[in-house]
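Visitor: First the structure, then my questions, so here it is.
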Protein chains: 2
Amino acid sequence: MVTEIIENYLKAIYELQRKYQSVPTNALAESLSIAPASVTGMIKKLAENGFLTYTPYRGVELTPEGMEKALKVIRVHRLAELYMVKMLGVPWDKVHEEAEKWEHVLSEELEERIEALLGYPKWCPHGSPIPSREGKVEYVKSFPLTELAAGISAVIAEVDDRNPELLRYLGELGLIPGEEIELVEIAPFDSLFRIKQGESQIDIGKEAASKILVTVIVE
Amino acid sequence: MVTEIIENYLKAIYELQRKYQSVPTNALAESLSIAPASVTGMIKKLAENGFLTYTPYRGVELTPEGMEKALKVIRVHRLAELYMVKMLGVPWDKVHEEAEKWEHVLSEELEERIEALLGYPKWCPHGSPIPSREGKVEYVKSFPLTELAAGISAVIAEVDDRNPELLRYLGELGLIPGEEIELVEIAPFDSLFRIKQGESQIDIGKEAASKILVTVIVE
DNA sequence: ACATTATTTTAGGCATAACTAAAACAAACT
DNA sequence: AGTTTGTTTTAGTTATGCCTAAAATAATGT
Ligand SMILES: [Mn+2]
Ligand SMILES: [Mn+2]
Ligand SMILES: [Mn+2]
Ligand SMILES: [Mn+2]
């Protein structure tokens, strides 16, 4: 049986694989807030169940089966987030936490009803792509706003959904995924990033700017 | 910590207390599909935690604290059922099962948003009352249609939400809570119950009739 | 009152998923 | 190559929540 706990492991491994080709035990332990020794035990079980390949001291990699399960959980998570924002009016800084629970309980029938009600959306409120029913995902190539050159226009692609404080801050400023902005200038020592959004000017610090992922506009 | 399992125990005890003043271990075990010995272990723990009083060999009774927790779970369950029927278009025979999961994961904030979106409803789709935020519930006095006398009018009050087949059957016939019907006649041996609903005549068997709870109409 | 039957509890186990402490291994540094 | 450091695994426990089999208690019938 695939428990909620297993789903969380698979999801975490999937996300860490965007950074590590083979996910180290410690990274996974850190991400799940579980002791490394406990993780070793669980990944052995997951390997036995065919969800991942495990090479001792080398880390783990999801099998196609593990990947499928992970994408399914992520799909429900992101659909749930968008549903709560659009249909229930839940603030975008709170939906991630709620979706951590919804992702484990929504039936396939509900998953599909919600998807249809939302008009088969492509992205969650934080800009992450929603995997298709068949498990296809396409991540947009993006980079931190801090790496953008002054004078260049870009579109906000994605923001960290696990940081409610950041989300509230950006939400108030209107800096949400899909919005077009221009980086007007960078103050000395990277201390301030001056942004133009439509007609308004917004100044944000380096810390916040580094957490806004953008894509350049290609015609 | 109040786990999902504890919530299910408290809910089951609450519902059994409508039948037993003190709930026997076996009845609870039966209702939860758990061995009686396991139930003994759990109720000891729940007693220690102050959710119920336990007299060995005599059964259990919820304390005010246990009652409060039980009503909270039931409230979320019924709100979730109605939400799924009205807002997500889920058939009424499927929502009970889904709500068994939702009842454990909805935050208070979502509970309240859903309640407001539904316009502070009083009953779930199957006719059971939705406890208020303060834990008030009022059950309507109802009895099986089989106990109604021929020629008398009544309103369908409540149907068993755990029986999808019955619900589909009644749903197709339009025999849902709130509908006014008249019991026209009862065929010999209680073999058939002839109902008038508006202009249409409906015949149903004793088995089904016994599961429709009605209230007589008082002017 | 005594025996039979039904209910409930006790005793002993098991699976899951976590923990800490100690040992083993791998990587990096001199 | 040998030592230090960091990572990972092993070994041994723990808490939950379930199980079966046996013992205890309560209810019922003669
Ligand atoms: Mn999220
Ligand atoms: Mn989760
Ligand atoms: Mn129900
Ligand atoms: Mn439940």
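Visitor: Taking DSSP loops as anything outside H, G, I, E and B, show the longest stretch in chain A free of chymotrypsin sites (Phe, Trp or Tyr not before Pro) there with at most 12 other beta carbons within 10 Å.
Guide: Longest site-free region, per DSSP loop and neighbour criteria: A:58-138.
Visitor: Right, something else. I need the Kirkwood Rh of chain A: take the reciprocal of the average 1/r across all distinct C-alpha pairs and report it in angstrom.
Guide: Kirkwood hydrodynamic radius for chain A: 18.8 Å.
Visitor: In Å², nearest 100, what accessible area do chains B and A bury in total when the solvent probe is 1.4 Å?
Guide: Interface between B and A: roughly 1600 Å².
Visitor: Find every distance from the label point of B:Glu180 to the corresponding label point in the other copies (7 Å from Cα along Cα→Cβ) and write them in nm, one decimal, shortest first.
Guide: Distances between equivalent label points, in nm: 6.1.
Visitor: Just to confirm a number: summing +1 for Lys and Arg and -1 for Asp and Glu over residues other than B:Pro164 whose beta-carbon lies under 11 angstrom from that of B:Pro164, what do you get?
Guide: Net charge in that neighbourhood comes out at -2.
Visitor: How much of the accessible area of the stretch B:4-62, probe 1.4 Å, is carbon plus sulfur, in whole percent?
Guide: Result for the stretch B:4-62: 48 percent of the exposed heavy-atom area is carbon or sulfur.
Visitor: Measure out, as a whole number of angstrom, how far apart the alpha-carbon centroids of the stretch A:119-135 and the stretch B:1-76 sit.
Guide: 42 Å
Visitor: Turning to a different aspect of this structure: Kindly give the distances from A:Tyr57 to its copy-mates, label point to label point, with each label point 7 Å from Cα along Cα→Cβ, as nm values to one decimal ordered shortest first.
Guide: With the label placed 7 Å along Cα→Cβ, A:Tyr57 yields 6.3 nm.
Visitor: By the gyration tensor of its Cα atoms, with a ≥ b ≥ c the square roots of the eigenvalues, what is the shape of the stretch A:4-62: rounded for a/c under 1.5, prolate for a/b over b/c, or oblate?
Guide: It is rounded, given that a/c, with a ≥ b ≥ c, falls under 1.5.
Visitor: For chain A, set up a GNM with springs between Cα atoms under 10 Å and report which of A:Ile152, A:Ile43, A:Ile130 has the largest fluctuation.
Guide: The residue that fluctuates most here is A:Ile152.
Visitor: Which aspartates and glutamates have a Cα less than 15 Å from the Cα of B:Lys196, not counting those fewer than 8 places away in the same chain?
Guide: Those aspartates and glutamates meeting the cut-off are B:Glu179, B:Glu180, B:Glu182, B:Glu185.
Visitor: In peptide A:97-110, what is the residue-averaged number of other protein chain Cβ atoms found within 10 Å of each Cβ?
Guide: Average neighbour count from other chains, rounded to a whole number: 4.
Visitor: Shifting gears a bit: Using Cα-Cα distances under 8 Å and only pairs 6 or more residues apart, what relative contact order does the stretch A:73-139 have, in percent?
Guide: 40 percent
Visitor: Okay, moving on. From the residues B:Tyr14, B:Val39, B:Pro125, which one has its Cα farthest along the dipole of chain B in the positive direction, the dipole being from +1 and -1 charges on Cβ of Lys/Arg and Asp/Glu about the Cα centre?
Guide: Result: B:Val39, furthest along the dipole toward the positive end.
Visitor: Can I ask one more? Inter-copy label distances at B:Leu192, 7 Å along the Cα→beta-carbon direction, one decimal in nm, shortest first?
Guide: Its label point is 8.7 nm from the equivalent points in the other copies.
Visitor: Can you tell me the relative contact order of chain B? Whole percent, Cα pairs under 8 Å, sequence separation 6 or more.
Guide: Relative contact order comes out at 15 percent.
Visitor: Right, here's the next one. Compute the distance in nm between two label points, each set 7 Å from the Cα along the Cα-to-Cβ direction, one at B:Arg168 and one at B:Ala150.
Guide: My value for the distance between the label points is 3.3 nm.
Visitor: What nm distance separates the two modelled labels at B:Glu30 and B:Glu180, each placed 7 Å from Cα along Cα→Cβ?
Guide: Output for this residue pair reads 3.9 nm.
Visitor: Quick one: what do you get for the stretch A:73-139 if you divide its Cα Rg by 2.2 N^0.38 Å?
Guide: Dividing the Cα radius of gyration by 2.2 N^0.38 Å gives 0.97.
Visitor: Oh, and also: In whole Hz and in residue order, list the ³J(HN,Hα) couplings for the stretch A:136-148 that follow from phi through the Karplus curve 6.51 cos²θ - 1.76 cosθ + 1.60, θ = phi - 60°; x for Gly and Pro.
Guide: Values, residue by residue: 8, 9, 10, 7, 7, 6, 9, 8, x, 4, 5, 9, 7 Hz.
Visitor: Given the rotation that superposes chain B on chain A, what residue of B brings its beta carbon nearest the axis, and what is the distance in Å?
Guide: So the chain B residue sitting closest to the axis is B:Val105, 3.
Visitor: Next up: Over the stretch B:4-62, what is the mean sequence separation of C-alpha contacts under 8 Å (at least six apart), divided by residue count, expressed as relative contact order in percent?
Guide: 36 percent
Visitor: Counting other Cβ atoms within 10 Å, keep those with at most 13, restrict to DSSP loop, and tell me which trypsin sites (Lys or Arg not before Pro) in the stretch A:1-97 are left.
Guide: A:Arg18, A:Lys19, A:Arg58
Visitor: Let me ask something additional. Please report how far the C-alpha centroid of the stretch A:168-199 lies from that of the stretch B:140-163, rounded to the nearest whole angstrom.
Guide: That distance is 63 Å.
Visitor: Something else now. Under 1.5 on a/c is rounded, so check that first for the stretch B:143-216, then, if it is not, pick prolate when a/b is larger than b/c and oblate when it is not; a ≥ b ≥ c are the square roots of the alpha carbon gyration tensor eigenvalues.
Guide: The shape class here is rounded.
Visitor: Connecting C-alpha atoms closer than 10 Å in a GNM of chain A, tell me which of A:Leu52, A:Leu110, A:Leu148 has the biggest fluctuation.
Guide: Per the Cα network of chain A with a 10 Å cutoff, A:Leu110 tops the list.
Visitor: Given a 10 angstrom Cα cut-off, can you work out which residue in A:Asp161, A:Asp203, A:Asp93 is the most mobile in a GNM of chain A?
Guide: Of A:Asp161, A:Asp203, A:Asp93, the most mobile in the Gaussian network model is A:Asp203.
Visitor: How much area per residue is accessible in the stretch B:73-139 when the probe is 1.4 Å and only protein heavy atoms are counted (Å²)?
Guide: For the stretch B:73-139, the per-residue accessible area is 42 Å².
Visitor: Return one whole number: the accessible area per residue of the stretch B:143-216 in Å², for a 1.4 Å probe.
Guide: Here the residues of the stretch B:143-216 average 53 Å² of exposed surface.
Visitor: Could you work out how far apart the two model spin labels at A:Ser38 and A:Asp160 are, taking each label as a point 7 Å from the Cα in the direction of the beta carbon, and quote it in nm?
Guide: A separation of 2.3 nm, rounded to one decimal place.
Visitor: Hey, quick one: spin label on A:Ala116, modelled 7 Å out along Cα-Cβ, who in the stretch B:84-98 has an amide N within reach, i.e. under 13 Å?
Guide: Counting backbone N atoms under 13 Å from the label point, the list is B:88-91.
Visitor: For the cross-link pairs A:Lys45/B:Lys86; A:Lys94/B:Lys44; A:Lys94/B:Lys45; A:Lys45/A:Lys136; A:Lys94/B:Lys136; A:Lys44/B:Lys101, which exceed 31 Å when the distance is taken from alpha carbon to alpha carbon?
Guide: Table pairs above 31 Å Cα-Cα are A:Lys45/B:Lys86; A:Lys94/B:Lys44; A:Lys94/B:Lys45.
Visitor: Now for a separate question. Report the equivalent ellipsoid semi-axes for the protein assembly as shown in whole Å, largest first, defined as the square roots of five times the eigenvalues of the gyration tensor built from alpha carbon atoms.
Guide: Over the Cα atoms of the protein assembly as shown, the ellipsoid semi-axes are 50, 28, 21 Å.
The values are calculated or read from the model by the stated rules, or taken from the named source; none is laboratory data. Quick caveat, the model's predicted, so the values are computed rather than measured. FYI the Cβ positions are ideal-geometry reconstructions off the backbone, even for glycines, and counts take in every protein chain you see. Just so you know, the surface numbers come from the protein's heavy atoms only, side chains and all, with ligands and any DNA or RNA stripped out. Shrake-Rupley method; radii C 1.70, N 1.55, O 1.52, S 1.80 Å.
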